[in-house]
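The structure appears right after this line, and notes come after that.
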């Protein structure tokens, strides 16, 4: 827990070297056609696949598609068009992530995403809250419940080492407070996720889960138990997995071919680098 001017936030850091990330579509939102999304990105943790690596955390995604807060893509299927200028989280076949503004040059020529998720503009940039996050017009950061801009909020950031940071609170706060909490947690860039009491949900485990289990680390006073992600949830969410203990091995999936609108499943497989051959020497 971190404290920002008397408000407590749950903060979870996912280390870039020891964890990987997957993005899942909800059973209701983003809207899809029946059978369009493979199990690896469907509305529940894909235990036969993701359980191989082991789940360490689950957490909520962004706004509904109807909010027009940005686009998304998974397994080669574009669920809503990408919006220039919106903050974007890109995830590649190895579960590595990259965060930045959707524009020419992002996510880079050598980063090949299998999933993209946008949610409004930047909330933190260069280690500081953006002008938009400090704006007196708090309604640009989502449609608040009962027109009160002080709502429970969640957000996602990346620190200077490339680690991913999730931050959320069930206190009623402004967007500015959310941006300040991201910075306090170490984020150098960040984006808002979902808001309002019903939607911020996070769970983390003290051990790697290879089958459905409990998540003892949660947001205090959250309206949901994150175990619901084990069996299915109506909104999109993220799953964090553990990398192998061996530094020469990692989990990865096949990646995407051309974007044809037809899903390209991304089952995980473990890939290990071969040891360098030893050259005999006289002595």
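Would you mind putting 69-76, 109-116 in packing order, based on average other-beta-carbon counts within 10 Å, highest first?
The densest-packed peptide leads the list: 69-76, 109-116.
If the viscosity is 1.567 mPa s and the temperature 4 °C, what Stokes-Einstein diffusion coefficient in µm²/s follows for the range 190-283 when Rh is the Kirkwood radius over Cα pairs?
Here the translational diffusion coefficient equals 74 µm²/s.
Can you tell me the length gained on complete extension of the stretch residue 47 to residue 227, counting 0.36 nm per residue apart and subtracting the Cα distance?
That pair, residue 47 and residue 227, stretches by 63.5 nm at full extension.
Computed over the Cα atoms, what is the radius of gyration of the range 2-272 divided by 2.2 N^0.38 Å, N being its residue count?
After normalising by residue count via 2.2 N^0.38 Å, the value is 0.93.
Pulled fully out, how much extra length does the chain show between residue 111 and residue 208, if you take 0.36 nm times their separation in residues and subtract their Cα-Cα distance?
Taking 0.36 nm per residue and subtracting the Cα distance, the gain is 32.2 nm.
Would you mind putting 131-144, 11-24 in packing order, based on average other-beta-carbon counts within 10 Å, highest first?
Packing order, densest peptide first, comes out as 11-24, 131-144.
To the nearest Å, what is the center-to-center distance of the range 8-63 and the range 99-160, using C-alpha atoms only?
Taking the Cα centre of the range 99-160 as reference, the centre of the range 8-63 is 19 Å away.
Can you compute the radius of gyration and Dmax for the range 203-251, using only the Cα atoms, both in Å?
For the range 203-251, the Cα-based Rg and Dmax read 13.0, 41 Å.
In what order do 64, 98, 146 fall by count of nearby beta-carbon atoms within 10 Å, going from fewest to most?
Listed from fewest to most nearby Cβ atoms, that is 146, 98, 64.
Pick from 117, 254, 161 the residue whose mean-square fluctuation is largest in a GNM of the chain, springs joining Cα atoms under 10 Å.
Among 117, 254, 161, the largest GNM mean-square fluctuation belongs to 161.
In degrees, nearest 10, range 0 to 90: what is the angle between the Cα axis of helix 175-184 and the longest Cα principal axis of the chain?
That works out to roughly 40 degrees.
Name the most mobile residue of 77, 124, 25, meaning the one with the largest mean-square fluctuation, in a Gaussian network model of the chain with Cα contacts below 10 Å.
Fluctuation is largest for 77.
Stick to Cα atoms and the Kirkwood definition of Rh, then tell me Rg/Rh for the range 74-154.
1.02
Taking a quarter of the surface of the Cα convex hull of the range 97-210, what do you get in nm²?
Projected over every direction and averaged, the Cα hull of the range 97-210 covers 8.7 nm².
Could you work out how much longer the chain between residue 82 and residue 262 gets when fully extended? Use 0.36 nm per residue separation minus the Cα distance between them, nm to one decimal.
Additional length available on full extension: 63.1 nm.
With the convex hull built on the Cα atoms of the range 1-90, state its orientation-averaged projected area in nm².
Averaging across all directions leaves 8.1 nm² for the Cα convex hull.
Laboratory data are not the source of any read-out in this text; all were calculated from the coordinates shown. Every value quoted in this text rests on a predicted model; they were computed, and no experiment measured them. Neighbour counts run over all protein chains shown; Cβ positions are idealised from the backbone, glycine included.
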